[in-house]
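FYI, it's all coordinate maths here, none of it is from the lab. It should be emphasised that the depicted structure is a prediction, and the values quoted were computed from it without experimental measurement. Quick reminder, even Gly has a Cβ in these numbers, built from the backbone with ideal geometry, and neighbours come from all protein chains shown.
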Amino acid sequence: MRKLLTNRYSSIAIALILAIVFTCVVILVMNANPIRVFAVIMRGSVGSWDAFTQVLQAWVPLILATCGLMFTFTAGLWNIGMEGQIEMGAIFAYGVIRYFTGSDTPGAVVIILAILSGIVGGAIWALLVGLLKNFGGVNEIFGGLGFNFIADAIMLSLVYGPWKPEGVANGSTRMLDRIYWLPQLEGSYLSLWALGIAIIGVILVTVILKGTYFGLKLKAVGKNSKSSFLLGVPTNRYMLVSFILCGIFAGLTGALQVTGFNHVLRNNISGGYGYMALMVGMLANIQPLLSVPIALIFIGLSKGASGLGIDLQLDSNLSGVIQGSLVIFVLIMDGVRKVIQRKGKGAANG
Amino acid sequence: MDSSLVNSIASIFAWAGPVIFAVMGETITERAGVMNLSLNGSLILTAMVGFAVATVTGNFLVGFLAAALVGALVALLIAFMSISLKQSQVAVGYVLAMATKSLAYFLGAPYVGKQVMQIPVVSIPLLSQIPILGPILFKQTLMTYFSFLLILACYIYIYKTHQGLMLQGVGEKPTAAFIRGANVNRLRYVYTGIGGALVGVGGALYSLSIKGWNGQLSGIDGIGWIVLAITIFGSWHPIKGALGSYFFVILQWLGIVLQPLLPNVNSRIFQVAPFPLMILALLFVNIGNADWVDRTLAGLPESTRRVIAKLLRAMRTSPPAALGIPFENE
């Protein structure tokens, strides 16, 4: 038993089992059959090529957001403002496309400009949170939330205001002209370009964090900011840079949401990916490669659960329950493992 | 003063009820050195539980009790994971905020839009006859009166009782409190549980007296984060925290009042506006803590410097010294 609890892998397996048991209990409370629920989720995520391309498509924003958070997590920061940074990226990207719509500029150039502009938007929004923390003493959690709310307000005033389509105000802009869409895979919504960018993003983050001096220093800042400061690392500057890097990924996420998938700017375009990415990042424990499968599982659950309403008259928020309980049980088992190990060490020393 | 204005001012006190309960709960929890970051989710979950239980049993009291119990359980889970298992309070609180929110929407789906009876308004004899003040303060529901009493009770408990002194000690100087004979970790468990129960009452009060239960459309999402901000804004002091709560509710009320006057601005903007304003307020109370402010001030002429320094000191807040730091008695 002790061995099971102190081994890293078996403790994660136990957490997984506990999360499944908990989920089954929650489903049974609703008088539903857990096996049928899981069948619906499987069918809606990997049951068909069509479903799977949708999962892959939603995986792109989630993994990109998670990649960005790797920087702030490494620096010991909680960038809860991810959601607003994605929104700003989307707003900036759409603004550029809107400006060029009807001009002679080739679509590909406009798309590249839009993505770059989205990156700038996300980075600015993240930098503001960092500045507020460094110079205003406002914890990044509250600063980030504040800027999420402000981004919401800006988004709403644009899509219900100057950017609303003629005549209607339904929280969405007019659809982009086809030439400003990232090319999509035949017969699906999946954009291989976006998928490629996401994969490059994962590689880039891994290289920066694991293979450069900068990554090492950032890690030192996150582990112990006071002693790194005393050793001559400009901690404040490193924190700000980690916010900017995170914002770059957030902005990219938002821009791809516009040109790659939604083809409009609309309210809630960030889709909760920023909030979900925080959970993926926690589970991945700052290992970018590990976050690849975790993000895929999380997105599969979300997409699969969206069919619960039609098939079983259950609320699709069940996916959030599964994801949340999974993280909670992993944290619990991790804590149990460390407490047992510490006790063992104490006994050995005594 | 015309009666519609009196009525709307009275409704500010009623709307503030849930915020007050949650802010007082979080103030007590953080005073003991634990941060319950799950508020946004636990408020929604307890709103759902309170509503569902009250609808099924037809009894408010049972609804509030069930919500308090659930709020306490969520809080105790945070205490267990952070105190006993030494996990980061921020991480645990954040995940629980997300998980409890989803759980509330999933389990609460069958109760969406159900009607629940109104909590009756109780006029206090004589006092409610006072012009203007009477209808504002003394024609409220029982729970609103409780929210007034709770502010006072928290203030007296924290500052005027021996247990309150211990509570402050556990959050400020746990080692000293331990030497004085306090069981630091047990007290942290207790106060986290009590705080969570108060948050639960606040959640139930939302659904049972103000918003009803409409799943994701209940309009409770986001308020938990604001409660956390108000707790800081109120520098962990019950009376200042209460003022912050009323300030936030007044901002929300202004949004509704101003909306018809500015027809060009989308109504949703008025709904979101109080949230960033509250965060801005945080900036003002925190800015005095930053080094660069001290450095800039040093360059100013003496008389100006003194005035600004005084102003900053009056606004500045500093958290309980051991907030979020695990205690180990070595």
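Things to note:
- Alpha-carbon centroid distance for the pair segment A:118-138 / segment A:1-53, whole angstrom: 38 Å
- Segment B:133-235: C-alpha gyration tensor shape, a/c 1.5 cut-off, then a/b vs b/c: prolate
- Peptide packing: for A:25-36, B:270-281, the average count of neighbouring Cβ atoms within 10 Å per residue gives the ranking B:270-281, A:25-36, highest mean first.
- Peptide B:223-230, shielding by other chains (average Cβ, 10 Å cutoff): 3
- Which of B:Q140, B:A309, B:T192, positive extreme of dipole for chain B (C-beta unit charges): B:A309
- Of all the options B:F51, B:F13, B:F178, the one that moves most in a Gaussian network model of chain B with Cα springs shorter than 10 angstrom is B:F178.
- Taken residue by residue and averaged, Cβ atoms of other chains lying within 10 Å of the Cβ of B:90-98 number 6.
- Relative contact order %, segment A:87-204, counting alpha carbon pairs below 8 Å whose residues are six or more apart: 22 percent
- Taking A:I20, A:I111, A:I310 as the candidate residues, the one with maximal mean-square fluctuation in a Gaussian network model of chain A, Cα springs under 10 Å, is A:I310.
- Total charge dipole magnitude, segment B:3-315, about the Cα centre, Cβ charges on Lys, Arg, Asp, Glu only, Debye to nearest 20: 360 debye
- For chain B, the relative contact order is 32 percent, taking Cα pairs closer than 8 Å that sit 6 or more residues apart in sequence and dividing their mean separation by the residue count.
- Helix-only CD estimate at 222 nm, as mean residue ellipticity for chain B, using -39500 (n - 2.57) per DSSP H run (n ≥ 4): -22000 deg cm²/dmol
- Hz values of 3J(HN,Hα) by residue in segment B:18-23 - Karplus curve (6.51, -1.76, 1.60), Gly and Pro given as x: x, 4, 4, 4, 5, 5
- Result for chain A in a Gaussian network model with C-alpha springs under 10 Å: among A:R237, A:R266, A:R43, the largest mean-square fluctuation is at A:R237.
- The residues A:Y273, B:Y105, A:Y189, when put in order of fewest to most other Cβ atoms within 10 Å, stand as A:Y189, B:Y105, A:Y273.
- Arranged from fewest to most other beta-carbon atoms within 10 Å of their beta carbon, A:Y213, B:Y159, A:Y160 become A:Y213, B:Y159, A:Y160.
- Local electrostatic count at A:D311 - Lys and Arg +1, Asp and Glu -1, tallied over other residues with Cβ under 10 Å: +2
- Averaged over the residues of peptide A:213-224, the number of Cβ atoms from other protein chains lying within 10 Å of each residue's Cβ is 0.
- Note on segment B:58-108 and segment B:123-141: Cα centroid distance 36 Å, given to the nearest whole angstrom.
- For A:V264, net neighbour charge (Lys/Arg +1, Asp/Glu -1) across residues whose Cβ lies under 12 Å away: +3
- When the charge dipole of chain A is built from unit charges on Cβ atoms (+1 for Lys and Arg, -1 for Asp and Glu) and taken about the Cα centre, the candidate among A:I150, A:T74, A:N268 whose Cα reaches farthest toward its positive end is A:T74.
- With a cut-off of 15 Å between beta carbons, the residues surrounding B:G203 carry a summed charge of 0, where Lys and Arg count +1 and Asp and Glu -1.
- For the listed residue pairs B:K86/B:K310; A:K133/A:K164; A:K133/B:K86; A:K210/B:K173; A:K226/B:K173; A:K217/B:K86, the alpha carbons are over 28 angstrom apart in B:K86/B:K310; A:K133/A:K164; A:K210/B:K173.
- Counted by neighbouring Cβ atoms within 10 Å, the residues B:Y94, B:Y111 run from fewest to most as B:Y111, B:Y94.
- Separation of segment A:142-193 and segment A:278-321, taken as the distance between their Cα centroids, equals 23 angstrom.
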